[in-house]
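A.B. asks: Quick one: structure below, then a few questions.
The values are calculated or read from the model by the stated rules, or taken from the named source; none is laboratory data. Every value quoted in this text rests on a predicted model; they were computed, and no experiment measured them. For neighbour counting, all protein chains shown are included, and Cβ atoms are generated from backbone atoms with ideal geometry for every residue, glycine included.
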Amino acid sequence: MPRKLRVQQAGMIHHVIARGNNKEDIFNEDNDRIRYLQLIERYKNRHMFKLLAYCLMDNHVHLLIKQSEVDLSKTMQGIQQSYTQYFNKKYNSIGHVFHQRFKSKPVADDAYLLSLIAYINNNPKKAGIVDDLNDYRWSSHMEILKPSKKNIADVHYLFDIIDRNVNEVLPEYLWLLGEVNEEHVKAQYLKGKELEERKSEIYIEDKVESKGKRTIASEEIKSILENYNKEKRLHLSLANKRRLMVLLCDKFCDEDDNCISSNINVSRSRISGIRSEFLRGLIDSDLLNIYNEIKFELNELYI
């Protein structure tokens with residue numbers, strides 16, 4: 001039976017898993033891991049892909065790659081073949097180092113990137129290699145905690161994708177490390193839209209849906225918030241304006257997330273992130289007071 005063709009196109013994000021042949025170790029010492037990371041960096045520069053996360057285990061690797069114009073298969077072939085040549089020469093061996101075909105799964109919805117990255121970085125702790133992930137050198141975990149241009153992972157690019165800064169990301173990321181579940185994460189990034197709806201059930205119940213109640217368009221909510229901000233001279237930051245717009249849209253708007261995202265200039269991944277912040281009590285109490293005040297006024301005007 002012919003192999004199933006990979007879904008590949010520029011800009012697509014892939015979770016790549018490459019295992020040792022016959023489940024044998026692919027790294028015998030730290031210098032081997034250093035060499036593998038050097039090869040990733042070489043091919044990053046050559047093929048211009050983005051590395052959003054990585055974790056090197058003894059007999060397999062996890063890579064989260066945003067594909068460039070160069071096919072993912074060509075990129076991985078270059079990395080794996082170069083490392084195989086290095087490994088066989090160093091250890092005087094022959095044959096395959098990696099299982100012949102790496103696995104790759106497309107990430108269908110960037111709203112769940114952070115969950116997937118937490119899953120990838122959590123592998124050493126899950127395997128019992130370390131008790132504290134801060135002690136593991138061979139993953140992107142510490143690069144998330146301490147972003148730097150010297151890091152191999154493109155952490156700042158990741159923050160741009162999910163439309164959040166490091167101070168907004170870290171609380172949720174650290175929480176996810178304690179909550180991450182393999183099957184749940186797989187479902188999230190493969191069936192993002194379905195799980196996003198399930199994750200938002202609390203809002204669905206709270207939306208204005210009964211007869212006689214008027215919904216408000218997302219563009220109108222954006223305008224209402226701008227007027228409120230000027231009238232009260234609040235000088236809200238852009239990040240806090242986005243939080244308020246999402247919460248108010250979830251309360252009063254019946255549009256889907258694609259429409260809301262387009263009309264209020266907030267990415268779908270950030271919409272999901274704001275909902276997560278709200279559900280876990282991470283939104284500042286002063287901002288919640290403003291939200292409740294606006295919500296009360298809109299209830300009086302429109303309901």
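A.B. asks: Output the residue which, of all residues in the stretch 266-288 that are loosely packed, with under 14 Cβ neighbours inside 10 Å and not charged (D, E, K, R), is farthest from Glu172 (Cα to Cα).
C.D. replies: Ser285
A.B. asks: In addition: Has the stretch 253-261 got at least one residue that is aliphatic (A, V, I, L, M) and surrounded by fewer than 17 Cβ atoms within 10 Å (Cβ to Cβ)?
C.D. replies: The answer is no; no qualifying residue exists.
A.B. asks: Exactly one condition in (1) at positive phi; (2) in contact (Cβ under 8 Å) with a residue 24 or more places away in the chain is false for Met48; which is it?
C.D. replies: Failed condition: (2).
A.B. asks: Which of (1) under 16 Å from Lys103 (Cβ atoms); (2) exposed (fewer than 14 other Cβ atoms within 10 Å of the Cβ) does Ile65 not meet, given it meets every other one?
C.D. replies: Among (1) under 16 Å from Lys103 (Cβ atoms); (2) exposed (fewer than 14 other Cβ atoms within 10 Å of the Cβ), the lone unmet condition for Ile65 is (2).
A.B. asks: Being among the acidic types (Asp, Glu), surrounded by fewer than 20 Cβ atoms within 10 Å (Cβ to Cβ), touching a strand residue (DSSP E or B) at 6+ places or on another chain (Cβ under 9 Å) and more than 14 Å from Ile40 (Cβ to Cβ) narrows it down to one of Asp58, Asp71, so name that one.
C.D. replies: Asp58
A.B. asks: Would you say Ile152 is of a type in the set (Val, Ile, Thr) and either modelled with pLDDT under 80 or within 25 Å of Leu287 (Cβ to Cβ) (or both)?
C.D. replies: Judged against the criteria, Ile152 is not a match.
A.B. asks: Determine which member of the set Lys103, Lys74, Lys23, Lys89 is basic (Lys, Arg), on the phi > 0 side of the Ramachandran plot and assigned by TED's automatic domain parsing to the domain that holds Ile144.
C.D. replies: Lys23
A.B. asks: Let me ask something additional. Show the residue pairs that are 6+ apart or on different chains and have beta-carbon atoms under 8 Å apart, the first residue being within the stretch 66-86 and among the aliphatic types (A, V, I, L, M), the second being assigned to a helix (DSSP H, G or I).
C.D. replies: Val70/His47; Ile79/Tyr36; Ile79/Leu39; Ile79/Ile40; Ile79/Tyr43
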